1. Would you please put 193-201, 99-107, 324-332 in order of how densely packed they are, using the mean number of other Cβ atoms within 10 angstrom per residue and starting with the highest?
2. Using alpha carbon centroids, what distance separates region 474-515 and region 593-648, in Å?
3. One-quarter of the Cα convex hull surface for region 475-519, in nm²?
4. Output the pairs from K365/K610; K610/K655; K583/K610 with a Cα-Cα distance over 22 Å in this structure; if there are none, say none.
5. Evaluate region 358-489: find the radius of gyration of its Cα atoms, find its Kirkwood radius, and give the ratio Rg to Rh.
6. Compare the peptides 498-507, 354-363 by average per-residue count of other Cβ atoms within 10 angstrom and give them in order, highest first.
7. Is there a quick way to get the dipole size of region 549-693? I mean about its Cα centre, with the Cβ of Lys and Arg at +1 and of Asp and Glu at -1; what is the value in debye to the nearest 20?
8. With the cut-off at 30 Å, tell me which of the pairs K272/K481; K352/K553; K106/K367; K607/K673; K481/K797 have Cα atoms farther apart than that.
Amino acid sequence: MFDTLSSTSSSTLSHPLYEAQIELEERMLVVGRENFYKQIEDAKRRGEEAGTGYGMKLIRQLILPVSEAINDFITKANTGGAGRRHTALRFMELLDGEVLAFLTLKTVLDSITLRQSLQRAALRVAYAVQDEVRLIKFKEANPDKFKLTMKRVDEATTRRHKERVARIMANRAGVNLDWSDTDMVHLGQKLIEILKDATGLVSIVRETHDVHDTSYMLIATDDTLAWIENANEHMEALSPAFMPTIIPPKPWTSPFEGGYHSGLVRWMPLVKTGNRNFLEELANRDMSEVYAAVNAMQDTPWRINTRVLDVLKQAWETGAKVKSLPPRENDPLPPKPHDIATNEDAKKDWKKRAAKVHQRNAKLKSKRIQFRKIIQLAEQFAPYEEHFYVYQLDFRGRVYAVPMFLHPQGPDHAKALLTFASGKRIGDGVAAGWLAIHGANTYGYDKVSLEERVAWVEERNDVIASIAADPWGPGFDLWSKADKPWQFLAFCFEWAGFLREGFDYVSSLPVALDGSCNGLQHYSAALRDPVGGAAVNLVPADKPNDIYGTVAKVALELVEGFACLNGSSLGTIPEKELVQWRKTWEKHGLDERELAVQWLHFGIDRKVTKRSVMTLPYGSTQYSCREFLEEAVREKIEEGKPNSFASGEVDGVFKATMWLQPIVWFAIGRVVKAAREGMDWLKDCARLAAAEGLPVTWETPDGFLVQQSYRDTSQKRIKTHLDGQIIKLSIREEKPTIDKRRQQQGIAPNWVHSMDATAMRMFINLATANGIQHFALVHDSYGTVAADVEMMSACLKKGFVQLYTERDPLAEFRVDIAAMLSDEALPKLPQLPEKGTLDVRQVEESDFFFA
C-alpha cells in the first residue's frame, strides 16, 4: 500500500506533464507538514514573504497573534493558582504555539466553507493536532521504518519530496494515540475560542430549532468574508484537499491501488470505508468489471469551457439575476415592531423571524464561498488542454468524483464549466437531434416528445445564435430563466457552432439523458410492475409519462372530492383509512372542506408532489412527505404565487401541508403499489438479520460486495467553557452492536442505490466495448458527446434489460440473506414479493426510459 510511486507505470512516468502532476499534488498539501513549517519560519523571519496565495497571506498575517494567544493561555494555565487545569492543556503542550496556530487556522478556514457545527469543527481541529503529534512520534519511535518508507519513493524525486512523503506515510504507520472524543472536543473547542478572540476571523452563532434542539455553528464574520471576496489572488487555505489531475489518474487495480500518483495525497481506498477487513474481502474478489467501469470514467479527459467561465464571472461581478447564482447581498432583517420595547409577544415574534433570516444569511455566506471556489478552480485549470477526475465508490457502489466543488457531478454552473477535452463531428441529423434535445431538456422543455423538443430548439435558432454572440443581449431573458441556465448557455454556444459549420462541427459538449424517477424504474423492473413501469417510462409511449404529474392528478381528484366537487373520488379510499384521516384532522383543528378549497385555489401540480415521489425509493416516510410538500409550497410562494392558506399574520402552510400529506401519500401508493411492497419486503429481511446482530451483506450482479452495517451509538453530553459560560456539546460514540432501526430504514434505499450503481457500471463497460470514450455520469444521468448519444442510449437500455432478465437481483439478495441467518431464523425469511406481468425487454423500445 505504501509503494505508490514505485508501482507507477513507465508510460505514466514518461508523460510530459507527470512532474507537473506531482507538483500539483504537492500543492494540494497546503496542510502538508514541510510547507507549513516553512511558512512558520518565514512568518518569524520576514512576516509575509512566503507563498503567493491570498489564503496563505491570511494565514501568515494571523499566525503571530494566534500563536501568541495560545502561548499566553498555556503560560497562564501553568502559572495560575490552585484549581482545575483545562483539559486541553496537556495536548496543547505537545506542539509549538506556531504549529498549533497554523493547524487551527487552516482547519477553521475549511470549516467555514462547510458551515459546520462548532462540535464538528472542534473535532476537525483536534484531529489535525493529533495527526501532527502522531507524525512526530513516528519519527522518534521508529526511525528505521521511516527510512524504509523513504526508500520506496521513486529515486528521481527530490529530497524535499521524499521528506513530504515520509510525513504523509507516518499517518499510515499505525502509531496509536489514545485520545478520547471528550478530550478531542475540549482541545478543538479551546483552540477555536482562542482563534476567535485573537483575530475576529469567526463567530459562534447559537441556533435554536425547537425547545430541545439547540446547536452552535461556526461561521465567518462579515469582515472576513469581505476580505476574501475583495482579494485578488486565490485563497489557498480554502482550497479543497483533493483536486483534478492533469494526467489520467492511476487506474484502480485493487481497493488499495489507484487514484492519485505521488503518494503525497492522503491515502484513500476505492471504497469509502474505514473497515479494513471489508476492503481486504473486496481485494480477494473478482471485481474486474467494477475496476474497468471506474477507470473508464477516470480516463475521460475534460477541459474548462472558458466562454461559460467568462459569462459566469461577469454575472457574479455584476450581480446578475440568474438561477443558482447566490445573491451578493444578505436578506434584510424584518422591521422591528414599534412597540418592541413594551410588547413582549411582539418582541418574541420578531426575534423568531429575525433568527430565520440570520440562518438563511449564514447559508448564503457558505454558498458564496463555494461559488467562488468553483470559479477559482476553473480559472486554475483553464490553461490546461485537458484534466481528469479521480473517482471513488461509496459502500453501495455508487461512483463519486473525489475533488470537491468543480466536477462533472456538481451543480448546474459547475457542470456548465466543463466540456470534454476532445469531441466528435456531429456527422448526421441523428446526432444533431440529440444535441437539440439536450438543449430543450436543460431549458425545461422536457415533458413532450423528442420531435417536439427538436422543433422547439429549431424554432429558436436565431435567438440561440444571438445568445452565443452576446449572452447579455436580448436573448438574456431566455437563457437566464431556463431550468438549468448555465448548461443551457453552454448548449447555446455549442448549437451556434453547429449552425455555423453544419455536420462538420466537432462537438465536445456533454449531452445528458436523465432517468424517469430512476429508483422506481429499478423497483418496477425487479418486480415486473406494469403500472409503475408505465408511469416511469419502462414501456414505449408517444409522449413521456410523468409520474410526478400522475400522482398530482390522483391527489387533485381526491381533493376535489373533499371540496364536494367530485364525490366519487373518495370512494377509492378505504373506509378505515378515511376515518383515521378525519380523526387526525379534527384533532389538529383542520377543516377538510375549507382546506380542500384552498388547495384547489393554490393548485396541485407535479412540482408539489415531485420530492415526495422521487424520494420514495430512498426511504421517505409520511413525515418527510409533509416536509417536502411544505418546501414545494414555500418555493412557489417565494416565486410570487399567492398564498391561499394565509389568515392574518399566520401563513397557514404548515397546517395545509399536514392536511394534504395523507392524500398525497395515498396517491403515491395508488401509482407505485409494487415498489412499496418491495421496500417492505426488504425491511422484513433486514429486520431478521438485525435481530441476530448481523449486518446485511449482498453481492451485486457484477461482483461488488455491499455491506450495510449501521452501528448503535450512544450520545454523550460534554460540558465545556465558551466566553466564560458553560455550554454543552453532544458527541456520538459508535458501539459494536447493530442499530436495528437504522438497518431496517436503510435497506430499501441502499438496495436500490446498489442497483442503479450496478446498472451504471454495466452500461459503462458495454459502452466502452462499443467505442464510447466520453463519460459524464451522475447516478441517474448519463452523458457523452452528441455523436455517441444514440449508441449510449442503446447501451444503457441493454445493460438495464440484462440486469433484470439475465439476473434476478431480489432473488439473489434473498439467497445472500439466507446464507447469513441461523437455522432458527431461516424459516422466518419471507418469500419474494409476487411479480407482475411487465416485460422488461420493452425498455429497449422506450424513447423516454432515459431522455
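The values are calculated or read from the model by the stated rules, or taken from the named source; none is laboratory data. Remember, it's a predicted structure, so these values are computed and weren't measured experimentally. Quick reminder, even Gly has a Cβ in these numbers, built from the backbone with ideal geometry, and neighbours come from all protein chains shown. SASA here: full protein model, heavy atoms, side chains in, ligands and nucleic acids out. Shrake-Rupley method; radii C 1.70, N 1.55, O 1.52, S 1.80 Å.
1. Sorting 193-201, 99-107, 324-332 by mean packing, highest first, produces 99-107, 193-201, 324-332.
2. The two parts, judged by their Cα centres, are 33 Å apart.
3. 4.3
4. K365/K610; K583/K610
5. Rounded to two decimals, Rg/Rh equals 1.01.
6. 498-507, 354-363
7. Its charge dipole is roughly 300 debye.
8. K272/K481; K352/K553; K481/K797
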